[in-house]
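All remarks here apply to the structure that follows.
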Amino acid sequence: MSVLEQLNQLRSEAEGEIVKASSQQEIDELWVRFFGRKAGELTTILRGVKDVPAEERPSVGKLANEVKAQIEELFKIQKERIYQDSLNERLASEKIDVTLPGVWNKPGRIHLLNATMRRIKEVFKGLGYSVVSGPEVETDYYNFEALNIPANHPSREMWDSFFLREGLLMRSQTSSNQIHVMEKQDPPVRIISPGKCYRRDSVDATHFWEFHQIEGLLVDEKVTFSDLKGTLELFAKGMFGSRRKTRFNPSYFPFTEPSAEVMVDCFVCEGKGCRVCKNSGWIEIMGSGMVHPHVLRNVGYDPEKYTGFAFGMGVERVAMLTYALDDIRVLFENDQRFLDQF
Ligand SMILES: [Zn+2]
């Protein structure tokens, strides 16, 4: 094949191949194939021009330069095309539609129980009470004995408990904390103690085996039942509204004497009678009473000198009343659809 023929063939090969290159790497490989310093096809042909007979050399040289320039031009065009293609591809893939709605990250919120607990705490903090916590696993002594509930006392059934090994149990009431506090300090004592309690209750709309209580205790000289009434009246107004009225009904707890359950007039129907107050116009919100002298003696306080009152309420019950819930279980299921309503 003459050099002229070789040049023409190379040109048509280059025309066919270069346009097919679709990446920078392919185009680089082709460049080496045609222009490579050692074995490039065009380089090899050009090297042979010197062996062409002298009279043909000018026309061969001219064609060689033409072909070289044409192939270089083809490379240039194809490189530009590859660059544009990759740019367009990137632009298409990175396109941002600013009209799309944003992604909404739902903010967290305070659970109804915690919100209720906080409100109760705030009211008592405003009355000068401090907040203390105690152990959830208790000994029989703190959970019962020291609270004037000796073994075989029938009222132990009021607190059907989860017993652990070696005489320990999951506390069935936060009242056990009263004892811890009074053992550690002398009067005056003015505390509330919020926390979890556990009882072996069958689960239904108003019972759950785990629940929260807030216990309160005040002991000092000359504390009377009217201090109890005044304090809990203030609490009821602070918690349920300044127009609330309270009523104290006689009740029984082993660790208080006398004992009273605290009622507020129904804040749902304003006392007219509704489903929440079972048409009585009154809602029971907590138990209370004057600390039993036995309890004071158990912690080394002199009942002749010191008196006090205690009260305790179920946080779930207060939350259910506040948010008009009729099933305690919704407070523990953590169903987002339910919680979102508040
Ligand atoms: Zn009512």
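Points to keep in mind about this one:
- Among the residues of region 238-277, those that are acidic (Asp, Glu) and under 30 Å from Pro150 (Cα atoms) comprise Glu257, Glu261.
- Scanning region 84-130 for residues that are of a type in the set (Ser, Thr, Tyr) and either under 21 Å from Leu321 (Cβ atoms) or surrounded by 10 or more Cβ atoms within 10 Å (Cβ to Cβ) (or both) returns Ser86, Thr116, Tyr129, Ser130.
- So Met290, is it among the hydrophobic types (A, V, I, L, M, F, W, C) and more than 13 Å from the ligand (Cβ to nearest atom): yes
- The set of residues in region 202-237 being surrounded by 14 or more Cβ atoms within 10 Å (Cβ to Cβ) and part of a loop (DSSP other than H, G, I, E, B) consists of Thr206, Phe208, Trp209, Val223.
- Residue match in region 132-147 (condition: touching a helix residue (DSSP H, G or I) at 6+ places or on another chain (Cβ under 7 Å), surrounded by 13 or more Cβ atoms within 10 Å (Cβ to Cβ) and of a type in the set (Val, Ile, Thr)): yes
- Filter pass, Asn152 being on the phi < 0 side of the Ramachandran plot and among the polar types (S, T, N, Q): no
- Ser59 being in contact (Cβ under 8 Å) with a residue 40 or more places away in the chain and in a loop (DSSP other than H, G, I, E, B): no
- Selection status of Phe255, away from the ligand (no atom under 16 Å from the Cβ), farther than 23 Å from Thr206 by Cβ, surrounded by 17 or more Cβ atoms within 10 Å (Cβ to Cβ) and not small (Gly, Ala, Ser): yes
- Within region 65-76, the set of residues being closer than 15 Å to Leu30 by Cα and surrounded by fewer than 12 Cβ atoms within 10 Å (Cβ to Cβ) comprises Glu73, Lys76.
- Sole exception among (1) crowded, with 20+ Cβ neighbours inside 10 Å; (2) farther than 23 Å from Glu316 by Cβ; (3) of a type in the set (Gly, Ala, Ser) for Gly195, by number: (2)
The numbers here are math on the coordinates, done by the rules we state, and not lab data. Everything quoted here is computed from the prediction, not taken from an experiment. With ideal geometry, Cβ positions are generated from the backbone for all residues, glycine too; neighbour counts draw on all protein chains shown.
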